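Here's the structure we're looking at; comments come further down.
The values are calculated or read from the model by the stated rules, or taken from the named source; none is laboratory data. Not measured: the values here are computed from a predicted model. Surface accessibility is based on the protein's heavy atoms, side chains included, excluding ligands, DNA and RNA. Shrake-Rupley method; radii C 1.70, N 1.55, O 1.52, S 1.80 Å.
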Amino acid sequence: MAQPAEKQIETSLPAEVVMTWYQITLSAIGDAVLTTDSEGRITYMNPVAEYLTGWVADEAHGQPLEEVFRIASEETGALVEQPVRRVIATGLVRGMANHTVLISRDGTVRSIADSAAPVRNASGELIGVVMVFRDVSEMRRKEHSIEHALAYADGILDTIRDPFVVLDADLRIRSASRSYYQVFDVKPGTIEGSLLYELGNGDWNIPHLRTMLEAVLESGEPFRDIEVDFACERSGRRRLLLNAQKVLRSGVEAELILLSIEDITTSWRSGVDFTDNRERYRVIVEAATGFAIFTFDSEGMITSWNRGAETMLGYGESEILGKNFQVIFTPDDVAIDEAGKEMRIARADGRALDERWHLKKNGDRFWAQGLVMPLQDDAGETRGFLKIIRDMTEQRQLEEALKKRTADLEVADVQKNEFLAMLAHELRNPLASIRNAVTLATHTGTREDLEWSRDVTARQVMNFAHLIDDLMDVARINQGKIRLRKEVIDVVPVVKFAVEAVRPLITSRKHELVVAFEVPDLKIEADSTRLEQMVVNLLSNAAKYTPEGGRIELTCGLEESNFVCRVRDNGVGIEPKLLPRIFDLFAQADGTLARSESGLGIGLTLVRSIAALHGGAVSATSDGPGKGSEFVLRLPVASTPHSSEHELLSSARQSSRRGQRVLVVDDNEDTANGMAKLLKLAGHEVAVAFNGADALASARQHCPEVVILDIGLPAMSGYEIAAQLRRERTSSQAVIIAVSGYGEGDARVLANEAGFDHHLVKPVNFETLLGVMASREPQP
């Protein structure tokens, strides 16, 4: 930076002209200029000075220099002595020896370079000071970047494992890495400036190496993996692998060469061509895309990663190198250090085989076979490990599926044999009872024995029917052939029918049965026949598995918009391990007890399946063997509001102008007479017939408006009677309602073809029947 002259310039121009000329000149230059009087007060600032200080010249005029030109140490930030004050005190030119920063009026901080010089009059007296300064912030940033880069480079050199030196264009040592001093046993700082060929008594005086280095300087082309023999007095003969690269620095004419040195004496002595062997290994490993192959050091840090590993595990080579290979192990295996165990076994036995779950990058698990082998040097020391992984997930899944299928078949075979044994047992018992009854009836003529024989035969036939019905229902459900006849029904009579059906079994076992309805008016949308069947099966199950003299409680109510039926007993209970499969086909709590109590083990399965068809469910609980059990059946309640029985009867009566003439036809006299009594109470005129011939005769005599006709009649079926009634003048316009124990689609189709208007399934809900009758006005 130019320093202001101490002598005044003599000129013949007027002072005003000279001053104007100076001001114009100072305003045009790129440096900042300010002047002070002899006391350090501002007398002039050029535009650059105004910009850097943030002060306008007119405002700054007369201000102490410290107010306008505030400077601090770049390193500490503390304010420093003003150079102008030093000039005023000494009368000498002053430049700043240390780096300073200028703090402008708005707080902006800039690095500056400055100098100051005295201004004297003709008598030599100091009348002021002129100071010139400039913004050097960008230059200082570059200097800092260079310093950081140099420190970074020195750090890299010190961490490189292989020896490394920097040579200048004369092939002199500019610097060397820490490993160089360690490997070649040289004291740090003793070789800088020395020629490469002079190092260690001429150990590096290798003619063809010098030729190759000079060629690098001339052409700029590097050389790679050049092997040289190196004779060292201290360590003997060595084989070195050298790499050299010329460094071009922008704006600097000096040229440098980076020379890396790798000691490959061990592999060279073993007769292995290092370069060819490494390339051969790389080609083989990269070609094995069906296997994940990688290496890791003695600490478990991954050092190589093939394409098969990238494909199988999802990690790219750049992101996995340097990570511990535990990253591919499951958390459970990491917790017990399975990775470390593999390394220890491989080190001790020469290899470690394993099959385990591994983790991919995305967290997916896969089953794999693995092999870990140690990588050893000539001295037998383990320097790392090689791991090979093969994805065996598909094979494992196939094996597991095969094992499961085999186990299922074994279980099915056992269940089949048990079922056949149960079926034989169930058939022999009623057959034996029937044979005894027939034998007794044949050899005796007493009324008491004949009645006993009749009752036994009837009861065992019913057992046969129940057994066959259960088997058929299981088959229909498994084949998806069950069709529910759902309608809004009153639960109470259906449950009572179920209780009466099971009453003989409960009575024979001397059980106490308690029945409670928590809500008197329980309406649900269900198949009444199937509901009765479910309750019968639950009660039968409780009766069979409760020792004689036990207690069974049946409770029906509403819970959270569900009809709930609870069957609780104080019987043998259920083991906790059996609870999850108590509803499975042929499942029974105790084989011995089951045999003595009869049953195929399909009743609870039917309950579960039929409940599911209704959109409901059944569950079982027990405190354990000997502590009884509870079965809970839940079905959805009706979704539409329903009136009470009295309201429905009133509505049915009001819907007609008068009572209707009704013909009830059923071969079960109790059923026919009971229905007739109910209809008469509802205000209707009722006739009853128990077979087809009587039904046709009664229709001709009474001209019924409604015919309630059972399908399963002797001699003449309900379908045939309905067809004939449609042909009769006295009944052709009657409302004919089918009453049947069959609710499947085929039965309904046949009823429609025969001329029925409606089809109801037994047991018929009386409210529903009245509603059907009221849906059509009687004929005059």
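Residues Trp357, Trp305 ordered from highest to lowest accessible area at a 1.4 Å probe: Trp357, Trp305.
Near the amide H of Met716, within less than 5 Å, lie the amide hydrogens of Gly692, all on another chain or at least 5 residues away, with H placed in the peptide plane. In order along region 605-617, the Karplus-derived 3J(HN,Hα) couplings, from 6.51 cos²θ - 1.76 cosθ + 1.60 at θ = phi - 60°, round to 4, 5, 4, 4, 5, 5, 4, 5, 4, 8, x, x, 7 Hz, and Gly and Pro are given as x.
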